[in-house]
Amino acid sequence: MKIGRNDPCYCGSGKKYKKCCIDKEFAVIDSVKFASLQKADPAFAPRIYYVDRITGLNGRLRTEARSEGLDADLMALAGDLLEDLESGRLHASTRYGEGFRPSERRLLEELANRVWGGLILGGFQEQDVLRPLLAFAAEALTAGFGETPPVSGALLVTGEDGELLRWELTAGGAETPAGVQASGSQSEGQADKAEAAGESAGFELVFEAEAE
């Protein structure tokens, strides 16, 4: 896939390639799985594939009793996400179709690590947050969210039964909702630094029980 200097950057930042990742080494590792799925369905795209998997597992987690089969499917999701994220296959624009923006990829990585921690490592606290976390990921990724301002994480409010009641994205490490434009303006250099910091900071999740 050839990217022109003035084309939108493949990472999904919204900047031109020459102003973003032109100096970064980038290679997508081919995926037999994605190639096969794309051959079977020309409309295939990594974004649709993973949003559908997450949405389906969210529905099962809400309606089914925990079982070895459900846990196995959750662990398969986590493993596939970590592999495809590391290989570059889930960038916003790849040969396989639409992927995810930088903040969305950080959410996917956090989701995969939480599932892995809860089911593989047996972290009981992690298991308790899987239901609201998967519900949030399904809703947020279906709607999609951008990079202006950069998203640093989310606040998830849960009920007594652990169900997700509502959620709110947080921007730039502050408590400002991601849908609200921050006051003031940033220079291009400041924006680049903020984006780089966001990429390395992970996706911060705060779980809060609804007050009675």
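So is residue 162 modelled with pLDDT under 80 and not in a strand (DSSP E or B) or not? Taking the combined requirement at face value, the residue does not satisfy it. Of the residues screened, residue 37 is not one that is modelled with pLDDT of 60 or more, part of a helix (DSSP H, G or I), touching a Lys or Arg at 6+ places or on another chain (Cβ under 6 Å) and open to solvent by less than 80 Å² (accessible area, probe 1.4 Å). Residues in the range 48-63: is at least one surrounded by 12 or more Cβ atoms within 10 Å (Cβ to Cβ), more than 20 Å from residue 144 (Cα to Cα), hydrophobic (A, V, I, L, M, F, W, C) and more than 16 Å from the chain's Cα centre (by Cα)? Yes, the range 48-63 contains at least one residue that is surrounded by 12 or more Cβ atoms within 10 Å (Cβ to Cβ), more than 20 Å from residue 144 (Cα to Cα), hydrophobic (A, V, I, L, M, F, W, C) and more than 16 Å from the chain's Cα centre (by Cα).
Cβ-Cβ distances below 9 Å connect the following pairs, each with a first residue in the range 82-103 that is among the β-branched types (Val, Ile, Thr), a second residue that is at pLDDT below 90, and a separation of six or more residues or different chains: 94/1; 94/10; 94/28; 94/88.
The values are calculated or read from the model by the stated rules, or taken from the named source; none is laboratory data. This is a predicted model, so every value here is computed, not measured. Neighbour counts are summed over all protein chains in view; Cβ atoms, including those assigned to glycine, are modelled from backbone coordinates with ideal geometry. These accessible areas exclude ligands, DNA and RNA; they are computed on the full protein's heavy atoms, side chains included. Shrake-Rupley method; radii C 1.70, N 1.55, O 1.52, S 1.80 Å.
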